[in-house]
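The next block holds one structure in the form of structure tokens; read it before the comments.
The values are calculated or read from the model by the stated rules, or taken from the named source; none is laboratory data. Remember, predicted model here, so these are calculated numbers, not experimental data. No Cβ is skipped: glycine too gets one built from the backbone with ideal geometry, and neighbour counts run over all protein chains shown.
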């Protein structure tokens, strides 16, 4: 059974500003430690965080 389908587009500037303003507090609230580690290992961590955040938001909306 399909509960819902979701996709989200997010402005990476918004994520960058949030990380700049709230840093680890935002990261720890929204991501698992393994997700933080993988995002920090990428060339562009802001894009990595934005992708993960958008995916989580889309999933939450699809599941209700």
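At a glance:
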{"item": "Some residue of region 7-22 being out of contact with any helix residue (DSSP H, G or I) (no Cβ under 6 Å at 6 or more places or on another chain), exposed (fewer than 12 other Cβ atoms within 10 Å of the Cβ) and in a loop (DSSP other than H, G, I, E, B)", "result": "yes"}
{"item": "Residue within region 36-48 that is closer than 18 Å to residue 7 by Cα, modelled with pLDDT of 95 or more and touching a helix residue (DSSP H, G or I) at 6+ places or on another chain (Cβ under 7 Å) present", "result": "yes"}
{"item": "Yes/no for residue 62 being within 11 Å of the chain's Cα centre (by Cα), surrounded by 14 or more Cβ atoms within 10 Å (Cβ to Cβ) and either assigned to a helix (DSSP H, G or I) or at positive phi (or both)", "result": "no"}
{"item": "Region 36-49, residues that are in a helix (DSSP H, G or I) and over 19 Å from residue 9 (Cα atoms)", "result": "36, 37, 38, 40"}
{"item": "Criterion (exposed (fewer than 11 other Cβ atoms within 10 Å of the Cβ), within 11 Å of the chain's Cα centre (by Cα) and not in a loop (DSSP other than H, G, I, E, B)) met by exactly one of 52, 29", "result": "29"}
